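J.: Can you keep this structure in mind? I'll have questions shortly.
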Amino acid sequence: FSWSLGDLDVSQNDIKISGVTLVKDSTAQRLLLFKNTKPVNNTIDQIAPITAQSTTSISYDNWSIYKNNLADLHKIDPSKFIIKGEDLLSTFDEIGSIQLDTGTVIAAHTIDPTVTEDAIASQREEETIFRQVPIYRFKEKTIFTKTYEPLIKTPSVQVYCVLDNFYVFAEKQELLETIIANYQNNATLVASTAYTNTKSQLSNASSLLRITNTEKIAYEDLVSEKDAKAFKKIEIPEYSFAALQLIQDSNFMHLNIVINKNENTQKDGAITQIASTKLETPITRAPQLVKNHRTKGVDVLLQDEANVLHLISNSGKLLWQKELDGPILGDVQQVDLYRNGRLQLAFTTPKTWYILDRNGKEVKPFSVSFNETITQPLAVFDYERNRKYRFVITQGTQVQMCDKDAKIIKGFGFANTKNTIIYPPKHLQISNKDYIVIAENSGKLHILSRTGKSRIDVKETIQFGDTPISKEKNTFTTYDINGGKITINTSGKLTRTQSDNITNAIVNTNGNTSTSLLENKLIINNKVIDLEYGSYTTPEVFKIGKQVLVTLTNTETSQVWCFNNKGEPLDNFPVYGTGPAHFGYLERNKNLGFVTQGDANSILIYQVN
């Protein structure tokens, strides 16, 4: 443009600019592309994810006028100006560029889907399916570049999909999958209260509209190198979006800029898929969130059917891979062997005890191999919470307690049971006393002291179910195979609470929250929730900050559900997922999120706003 003039309105909560922009005819100024056009209603907010870095949209009511303006800009005779793919481009009235964390997509709104389908038919090839949405290969990779590059970012495109009246193009299928997932989960801009507050202060139709997610701005890049360090810490969460729009009029353009305060930016409850990662081999172990001591956030740990362990960042980037000698037993534990805040990953396979550092390297003297098969996940005790760990290896009826150097603790005198141990040994503390609990498949429960001597004699046998022993107030609790609750006090007295649950009920506990699944009935702290019939994963209980969440997945319908400890479903659930979900803070004490499995060889990372 030649120049702009605007009134700056700064109030307590908002910053606004209203004005005009002028463009000279005889120049090569890009905004001349809108000369003699009229804007149409912007709809790109229906397809752009809430977590997009920025979204830019251009619109016009007449393709021929736009084309002639483009010819003038390039100083080409309009009668000789040829645009490759014009039959397709002329069917769109709005073209948008959506900048995601992992790349850029082009979203085009069709005037008439039938006409667009006829025009694009010659450009498409084979297709794949993602969440029941066909994805097509696209032949003309640079179709958007010469036509729209003066105004929006236009990457080379190789694939596309159709979502209602939008044609979405990208260089990689993973980018389309992010758009599809957020569209299906209703996690788009138009569903955000913070964004709609900003939108309400704009005109419905723009020749050019740019929406910026302020959380994604690299403020340090806007200042001198000297000031960059301070600007890395800039956060303005109440000002979620900044919007700029230009509206073509007869001989000028209206200019509007809005940066407004939204006090309820975290109350939308929208669930956005922020990353997805595909492996070459199917996943066999449900993905688990693990702490990253460097970023103070979390990463994703998973294992594939080739027994390769993968660590992936919470943005979906593969950090490292390590081949193991077998499947990991249970959850991976995190320890701080050197008591310096740097965390390691500790776990066992049926043959080996591993401890890996942040980079996937084995910490000496590990790994340690065993002749006899390891039958239970690694148990880690930290009696005084001073990171002087005790590690317990279970092999059938035998237990070994070792220190951080993999040396056997001679002071622990309990060596074996008569029958197979069915849970990992567990350390519990009641009234400042330490107890180690070990259960046999015969129904015998051992409650030991730190030295391995019997501390509480439990005379009755228990028909153990799938629920390991846990602490509830000043008692030990578990559930039998019928879902009946078993309580044992510190004198060894056993109390049974009968249950109406059927045999083999799945019961899980965390603190004061218990949950069970009986066919299609989910029970959370005695509240019964009727689910649709299906095949469900074991309910898991997560305590995150002050929240207690219960989650399970219907693997038949590929739906992840989440409830609070009152049995109330969280807003915007269910979302797509094919396996168990693991919840946690994606960053240090903020941005609740979870990871779940997508396809056989992919994971999905979601953020709950």
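The values are calculated or read from the model by the stated rules, or taken from the named source; none is laboratory data. Note that the coordinates shown come from a computational prediction; the quantities given were computed from them, not determined experimentally. So basically every Cβ, Gly included, is an ideal-geometry build from the backbone, and we count neighbours across all protein chains shown. Remember, those area values only see protein heavy atoms, side chains included, never the ligands or the DNA or RNA. Shrake-Rupley method; radii C 1.70, N 1.55, O 1.52, S 1.80 Å.
J.: Quickly work out the residue 525-to-residue 416 label distance, labels modelled 7 Å from Cα along the C-beta direction, and quote it in nm with one decimal.
T.: 4.5 nm
J.: Could you check the simple spin-label distance between residue 141 and residue 190, using points 7 Å along Cα→Cβ, in nm with one decimal?
T.: 3.3 nm
J.: Continuing with this model, one more query. How large are Rg and Dmax for the range 342-388 when calculated on the C-alpha trace, in angstrom?
T.: Just the Cα atoms of the range 342-388 yield Rg and Dmax of 11.8, 32 Å.
J.: Per residue, how much accessible surface does the range 1-96 expose to a 1.4 Å probe? Answer in Å², no decimals.
T.: Computed with neighbouring chains in place, this is 50 Å² per residue.
J.: With unit charges on the beta carbon (Lys/Arg positive, Asp/Glu negative), name the residue among 420, 237, 29 whose Cα is farthest towards the positive pole of the charge dipole of the chain.
T.: Positive-end residue among those listed: 420.
J.: Considering the options 391, 54, 578, tell which one lies farthest towards the positive end of the dipole of the chain, charges being +1 on Lys and Arg and -1 on Asp and Glu at the Cβ, about the Cα centre.
T.: 391
J.: Across 10 Å bins from 0, what is the distribution of all Cα-Cα pair distances for the range 559-609, in whole percents?
T.: The percentages, shortest bin first, are 25, 53, 21, 1.
J.: Turning to a different aspect of this structure: What is the chain's relative contact order, in percent, from Cα pairs under 8 angstrom and six or more apart in sequence?
T.: After rounding, I find 9 percent.
J.: For the range 459-609, just the Cα set please: Rg and Dmax, both in angstrom.
T.: 16.5, 50
J.: Per residue, what accessible area does the range 458-609 have, given a 1.4 Å probe and all protein chains present, in Å²?
T.: 47 Å²
J.: How large is log10 I(q)/I(0) at q = 0.22, 0.24 Å⁻¹ when the Debye formula is applied to the Cα atoms of the range 284-393, each weighted equally and without solvent?
T.: For the range 284-393 at q = 0.22, 0.24 Å⁻¹, log10 I(q)/I(0) is -1.35, -1.55.
J.: Could you give the radius of gyration (one decimal) and Dmax (whole number) of the Cα atoms in the range 183-316, in Å?
T.: Expressed in Å, the Cα Rg and Dmax of the range 183-316 come to 20.2, 66.
J.: How large is the accessible surface per residue of the range 278-422, computed with a 1.4 Å probe and reported in Å² as a whole number?
T.: Accessible area per residue, the range 278-422: 49 Å².
J.: Across the chain, where is the longest run that never hits chymotrypsin sites (Phe, Trp or Tyr not before Pro) in a DSSP loop with at most 14 other C-beta atoms within 10 Å?
T.: Segment 82-337 is the longest.
J.: With viscosity set to 1.002 mPa s and temperature to 20 °C, compute the Stokes-Einstein D of the range 95-253, Rh being the Kirkwood radius across alpha carbon pairs; µm²/s, no decimals.
T.: Stokes-Einstein gives a translational diffusion coefficient of 120 µm²/s.
J.: If you don't mind, there's one more thing I want to ask. To the nearest whole percent, what portion of all C-alpha pairs in the range 327-456 is separated by more than 22 angstrom?
T.: Within the range 327-456, distances greater than 22 Å cover 34 percent of Cα pairs.
J.: Please get the size of the charge dipole for the range 480-586, origin at its Cα centre, with Cβ charges of +1 on Lys and Arg and -1 on Asp and Glu, quoted in debye to the nearest 20. It would help to have the intermediate numbers written out before the result.
T.: On the way: 8 positive and 9 negative charges, 116 e Å.
The dipole magnitude comes to about 560 debye.
J.: Further, regarding this structure: Among 90, 330, 189, which residue has its Cα furthest toward the positive end of the charge dipole of the chain, with +1 on Lys/Arg Cβ and -1 on Asp/Glu Cβ?
T.: 330
J.: Still on this model: Set the bar at 31 Å for Cα to Cα. Now go through 407/444; 199/232; 172/566; 322/521; 471/521; 226/361 and name every pair that lies beyond it.
T.: Pairs exceeding 31 Å: 172/566; 322/521; 226/361.
J.: When the accessible area of the chain is computed with all protein chains present and a 1.4 Å probe, what percentage of it is carbon and sulfur?
T.: 45 percent
J.: Right, another one. Principal axes first, then extents: for the Cα atoms of the range 445-544, list largest minus smallest coordinate on each axis, whole Å, largest first.
T.: So the extents along the principal axes, rounded to whole Å, are 48, 31, 19.
J.: To continue, here is another question. Using Cα pairs under 8 angstrom and six or more residues apart, how large is the relative contact order of the range 127-197, in percent?
T.: Rounded, it is 22 percent for the range 127-197.
J.: Enter the per residue convex hull volume of the range 523-609, computed from alpha-carbon coordinates, in Å³ rounded to the nearest integer.
T.: On the way: hull volume 7.8 nm³, N = 87.
It comes to 90 Å³ per residue, whole-number rounded.
J.: Same structure, new question: Could you quote the convex hull projected area for the chain, Cα atoms only and averaged over all directions, in nm²?
T.: Average of the hull's projected areas for the chain equals 32.2 nm².
J.: Now a separate question. Can you give the local net charge around residue 531? Use residues other than it whose beta-carbon is closer than 10 angstrom to its beta-carbon, Lys and Arg +1, Asp and Glu -1.
T.: Neighbourhood net charge equals -2.
J.: Checking the a/c ratio against 1.5 first, then a/b against b/c, what shape does the Cα gyration tensor give for the range 1-62?
T.: Taking the square roots of the gyration eigenvalues as a ≥ b ≥ c, the range 1-62 is oblate.
J.: What size of dipole, in debye to the nearest 20, comes out for the chain about its Cα centre when the only charges are +1 on Lys and Arg C-beta atoms and -1 on Asp and Glu C-beta atoms?
T.: Using only the charged Cβ atoms, the result is roughly 3020 debye.
J.: Per DSSP H run of n ≥ 4, the term is -39500 (n - 2.57); total these for the chain, divide by its residue number, and report the mean residue ellipticity at 222 nm rounded to 500 deg cm²/dmol.
T.: Working: 7 runs with 53 residues, N = 609.
So the helix-based figure for the chain works out to -2500 deg cm²/dmol.
J.: So which GluC sites (Glu not before Pro) in the range 361-416 are both in a DSSP loop and have at most 15 other Cβ atoms within 10 Å of their Cβ?
T.: Sparse-neighbourhood loop GluC sites (Glu not before Pro): 372, 384.
J.: Taking the Cα atoms of the range 10-143, what is the range of coordinates along each of the three principal axes, in descending order and whole Å?
T.: Per principal axis, max minus min of the Cα coordinates gives 50, 49, 26 Å.
J.: Using only the Cα atoms of the range 114-187, what semi-axes does the equivalent ellipsoid have when each is the square root of 5 times a gyration tensor eigenvalue? Give whole Å, largest first.
T.: 20, 16, 12
J.: Something else: Quick one: compute the contact order of the range 33-176, relative version, from alpha carbon pairs under 8 angstrom and 6+ residues apart, as a percent.
T.: Once normalised by length, the contact order is 21 percent.
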